[in-house]
Amino acid sequence: MLSGTGMSEENSDNLDSLPLDAWHREQGGRMVPFAGYEMPIQYAGIVAEHEWTRTQAGLFDVSHMGQLLISGPDLDAAVEAVLPIDLSTLKLGRQRYSLLLDENGGVLDDLMVSRWPRHLYLVVNGATKWDDIGHLREYLPDEITLQHLEDRALLALQGPKAADALARHVEGEYELSALTFMRFGKFTIAGHDVTIARAGYTGEDGFEISLPGTAAEEIATLLCGEPEVKPVGLGARDSLRLEAGLPLYGHDLSPETSPIEAGLIFGINKRRRTEGGFPGAARIRREIAEGTSRRWVGLKLDGRMPAREGAEIFAGKQKVGRVTSGGFSPTLGHPIAMAYVDVAHAEHGVALEIEVRSRRLPATVVPIPFVPHRYYRGS
């Protein structure tokens, strides 16, 4: 593991380069293998970048994510047969969290779905995008077209000053301030057509900007020319999402976990819970009705030593769970973790112990998010 990032070491051979690869290096980015690419883990330091994003605005390169465009006849019905989303309630210009599930209800990926005029636009995780594309092509009807937008880059501008900095450079039919959380629109930046969604992975207000890969360096330089904006790497992205209580696929989510035990029932819309008709529906409906044997929870640790993924959790002599994400919280000043624990020990306030380096660290079950979200939902 790369300490505190939730990222696995990868073979450095045959890695792809992001459109901003040279730019990251010029900015002093320390590059590491991640999701098949060389990506910046930090520039000035993880804690400094974390704190800057919480108070100003951090620019993240997330171009490793998969951007997919789906179109064709009876599009909604075709996609609803694969995803547990209710597309009848997804209006033009809005996006929604959803899940790709296997036949047993295990999580293959979590993703975002947006309603375009004649398409659905999906953003999937970088580490799973090729598997996701293969899965979708296998299970969608032949008349449905799936386009991988490989020529697009994706930047995330996150933090309380993100809107101020971005608004100086966007032009469109309406003001950037008209975008509220989970809405998107078409704009131009420096003459380039871009799609901007008010969303992100830090718990802060912010935006995800889909843009031509050829324009990435120009726009990144333009945004980082604003006094509120600095480039931020994967390390701070992980510590921010941990504080925000957001799951990371491959760590907190996997085919061995179900959305119900992971607390992601909101990713399965109400009509779909009732009607089913998607992969894994039988298990999902059973777990909604009967509950699960374990639950994904937040943990507050005493002291300064963090618990990392894989650490075992005990109630006395009984092993009751395992950490899926953990690290030190710069905002709170103590270690935090997320874990699956037996449902009998999952209530807030329950005292547990986490085994780290042959020591037992006291921990308490607490609500997540650890740091409140500050999404912009309108004035």
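Since every read-out is calculated from the coordinates, none of them should be taken as a lab result. What you see is a predicted model; the values in this text were computed from it and never measured. Backbone-built Cβ (ideal geometry, glycine too); neighbour counts: all protein chains shown.
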note = Here the convex hull volume per residue of segment 176-217, taken over Cα atoms and given in Å³, is 79
message = Just to be sure I understand the model, the point goes 7 Å from the Cα along the line to the Cβ. What's the resulting Thr274 to Ala351 distance in nm?
response = 4.6
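Sum up the charges of everything whose Cβ sits under 12 Å from the Cβ of Thr188, counting Lys and Arg as +1 and Asp and Glu as -1, but leave Thr188 out. Walk me through the numbers before you get to the answer.
Working: positive: Lys186; negative: Glu171, Glu173, Asp193.
Result for the neighbourhood of Thr188: -2.
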query = Beyond 15 Å, what percent of the Cα pairs of segment 241-326 remain?
reply = 64
ask   = Which value in deg cm²/dmol, rounded to the nearest 500, describes the helix-derived mean residue ellipticity at 222 nm for the chain, given -39,500 (n - 2.57) per DSSP H run of n ≥ 4 and division by the residue count?
value = -5500 deg cm²/dmol
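Taking the highest mean first, how do the peptides 223-231, 274-282 order by number of other beta carbon atoms within 10 angstrom per residue? Write out the running numbers ahead of the final one.
Numbers: 223-231: 18.8, 274-282: 15.8.
Top to bottom by mean Cβ count within 10 Å: 223-231, 274-282.
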inquiry  = Skipping prolines and chain starts, which residues have an amide H placed within reach, meaning under 5 Å, of the one on Val356, given they are 5 or more residues away or on another chain?
reply    = Leu361
key: Local electrostatic count, Leu246, Cβ distance below 13 Å [Lys/Arg +1, Asp/Glu -1]   = -3
query = Could you give the radius of gyration (one decimal) and Dmax (whole number) of the Cα atoms in segment 71-202, in Å?
reply = 15.9, 48
query = Lys319: which lysines have alpha carbons under 28 Å from its alpha carbon, excluding same-chain residues fewer than 8 sequence positions away?
reply = Lys300
ask   = Could you give P(r) for segment 52-112, binned at 10 Å from zero, as whole percent values over all Cα-Cα pairs?
value = 16, 40, 28, 14, 2
query = When N counts the residues of segment 128-219, how does its alpha-carbon radius of gyration compare numerically with 2.2 N^0.38 Å, as a ratio?
reply = 1.25
task = Starting from the exponent 0.38 and prefactor 2.2 Å, build the expected Rg for segment 293-379 from its residue count and divide its actual Cα Rg by it.
result = 1.11
key: Proximal lysines relative to Lys270, as straight alpha-carbon distance under 19 Å, when same-chain residues fewer than 8 apart are discounted   = Lys91
key: Amide H within-cut-off set for Asp86, under 5 Å, with H built and near neighbours excluded   = Asn269
ask   = Whose amide H sits under 5 Å from the amide H of Arg152, counting only residues 5 or more places off or on another chain, with H placed in the peptide plane?
value = Gly213
ask   = Any idea how far the Cα center of segment 257-297 sits from the one of segment 94-170, in Å?
value = 21
